[in-house]
């Protein structure tokens, strides 16, 4: 039962990661790569990004991350995104001309942009999912209450500025 509750929290992040990976891998078609290599590249990136995206949802539900914060999530993706890209390049890439350390350093820089987009999407999708799952899932119910508290805080701060 508890495993199902965590899996339900993982679904939005896993979906975002899978779609982002498939889209980014699909861009290899525009780079002139053959269709088969583009499909392999998309799958090789979508799978680890889905895993790490889902893990983010589980960690969020267990209190490791909080809604509305970016710093810890940025650090999370600074590790997870380069690993995902390294897996993609290992499976479908043509190699890393400058070596693995420089490749990973560059991917760590790029990861912050990915993290911003991921958090933006996740913050828009997850509350809707939690509303649907809160009746059956106590983890979803607790996380939904955190989102509601955060939204109330943001609304109060916005009202105080006016």
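Things worth noting here:
- Scanning region 60-73 for residues that are buried (at least 17 other Cβ atoms within 10 Å of the Cβ) and either under 10 Å from residue 108 (Cα atoms) or touching a residue at least 12 places away in the same chain (Cβ under 8 Å) (or both) yields a total of 4.
- Pairs with Cβ under 8 Å, 6+ apart, first in region 122-135 and touching a residue at least 12 places away in the same chain (Cβ under 8 Å), second surrounded by fewer than 16 Cβ atoms within 10 Å (Cβ to Cβ) and part of a loop (DSSP other than H, G, I, E, B): 123/68
- Residue in region 89-106 that is crowded, with 16+ Cβ neighbours inside 10 Å, under 16 Å from residue 25 (Cβ atoms) and either at pLDDT 95 or above or in contact with a strand residue (DSSP E or B) (Cβ under 9 Å, 6 or more places away or on another chain) (or both) present: no
- Scan region 136-152 for residues that are part of a helix (DSSP H, G or I), more than 14 Å from residue 58 (Cα to Cα) and free of Cβ contacts under 8 Å to residues at least 60 places away in the same chain and the total you get is 5.
The values are calculated or read from the model by the stated rules, or taken from the named source; none is laboratory data. Computed from a prediction, not measured in an experiment: that's the story for all the values here. So basically every Cβ, Gly included, is an ideal-geometry build from the backbone, and we count neighbours across all protein chains shown.
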